[in-house]
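Derivation of every value follows stated rules applied to the coordinates shown; laboratory data play no part. In this text, all values refer to a predicted model and were calculated from it rather than measured experimentally. Cβ: placed from backbone, ideal geometry, glycine included. Neighbour counts: every protein chain shown.
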Amino acid sequence: MQVAGDKSDQRPVKSTDRKTSPEHVLKSAIEKARKFHGIAEDALPCQLDLLLAYERFNESRATMLYPMNILRNYARLQARTHLIGLFDVDMLPSLSLYQDLADPEVANRYFSLTEGSREFAPSVLVIPAFITFDARTDKGNFSAEQISDRMVIAEKKELLTLWQYGVINRFDPMDRGHNATQYERWLQATEQYEVKYEYRYEPWVICDRMMVPWYDSRFRGYGQNKIVHLENMNWTGYKFRVHPKAWLIHRKHALAKAKLQHLWDFQEMSKRPGGMVYDTVYGHSTTLGGKIRAALATRQYSTALDPATAACAEKLPWWQQDHWHWQSGRHQLHHVAS
């Protein structure tokens with residue numbers, strides 16, 4: 001399984017200073033990427049594909065227009081495996097998920113589940129996500145980051161214990177974006193279970209690389225991009241099934257500039273009599289999300305792809321071979337919106 005992430009280092013580029021010129025910044029980024037790739041190749045048992053993408057702009061405020069969905073699609077293009085995990089880079093998969101995927105019999109069940117057939121609809125496999133908190137115990141004090149690292153290799157019963165002590169919680173507990181996963185049920189579950197899609201549901205999932213809809217490239221900055229993608233899956237006909245013994249752990253980090261800007265825009269919106277701030281990233285994302293929902297409801301939506309993603313999907317050999325196999329094979333997917 002390869003992971004489609006969505007974050008990278010991006011900074012404003014000005015040509016007035018040699019050290020911050022486009023050429024110097026790009027050269028430095030390439031050197032860092034090459035060094036990181038070498039370390040990862042030496043340390044990890046799997047192959048790492050590292051794609052360095054950059055975008056030039058003239059004003060620092062353009063960093064708020066981070067091309068989130070375009071980069072997600074680029075990551076997906078690099079995948080050569082049947083299954084992909086749509087996980088953010090700050091979400092750490094549990095060892096139990098790796099162990100499942102390393103078992104051919106279990107992996108084949110995932111293939112069948114995500115592909116679907118003429119008899120049953122395809123599914124995405126929801127991987128519950130958790131956040132951690134600092135903790136004081138009789139064995140010492142532990143930071144949220146240390147607990148995150150521990151929970152990656154822990155067994156589910158240990159995770160349940162920390163849940164009971166309030167050291168971990170479900171991701172984004174104050175929002176409804178993960179309510180449909182039914183965490184209390186998951187903590188006791190030993191088998192997969194299906195959940196009903198709810199508005200604004202945005203879990204991280206495992207899915208079929210070839211068949212799941214692409215991300216809409218018009219979304220930039222923070223907000224709506226992942227929510228709308230999951231909503232598109234629902235309208236396309238996908239079922240949502242929850243993995244009973246695998247999970248993701250969020251590793252704590254500083255808030256991104258785009259997230260801070262999103263929160264600021266929301267506060268500004270609440271102060272205005274008219275409500276929506278259309279000239280902000282928040283206003284753009286919210287308005288675009290509303291238009292897409294209306295199109296989905298009338299079956300008029302088609303995912304907007306940037307030219308590079310569309311061209312690569314048509315020409316990359318590992319996409320062409322699989323695409324031919326999918327169209328001529330035994331599995332079909334109806335009402336694909338992308």
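Once the piece of chain linking Y197 and E158 is laid out straight, how much longer is it, given 0.36 nm per residue of separation minus the C-alpha distance between them? Intermediate results must be reported in sequence, preceding the final value.
Working: separation 39, 0.36 × 39 = 14.04 nm, distance 2.89 nm.
Roughly 11.2 nm would be gained on extension.
Highest mean first, how do 176-187, 223-234 rank when packing is the count of other Cβ atoms within 10 Å averaged over residues?
Working: 176-187: 16.6, 223-234: 22.5.
Ranking, from highest mean packing down: 223-234, 176-187.
Packing around the peptides 119-125, 98-104, taken as the average count of other Cβ atoms within 10 Å per residue, puts them in this order, highest first: 119-125, 98-104. Both numbers refer to the Cα atoms of the stretch 110-198; Rg and Dmax are 16.0, 56 Å. Per-residue packing, averaged as other Cβ atoms within 10 Å, sorts the ranges 33-45, 85-97, 67-79, 292-304 into the order 67-79, 85-97, 292-304, 33-45, beginning with the highest. Other residues lying with their Cβ under 12 Å from the Cβ of T114 contribute a combined charge of +2, Lys and Arg counting +1, Asp and Glu -1. Over all Cα atoms in the stretch 82-328, the spread is summed up by Rg and Dmax: 19.7, 61 Å.
Beyond 32 Å in Cα-Cα separation lie the following of the pairs K35/K139; K239/K291; K245/K315: K35/K139; K245/K315. Within the straight-line cut-off of under 19 Å between alpha carbons, the aspartates and glutamates reachable from K257 are D6, D9, E55, E59, D88, D90, D172, D265, E268, D279, sequence neighbours fewer than 8 places apart in one chain being disregarded. A Förster radius of 30 Å combined with the Cβ-Cβ distance from S60 to K291 puts the calculated FRET efficiency at roughly 0.55.
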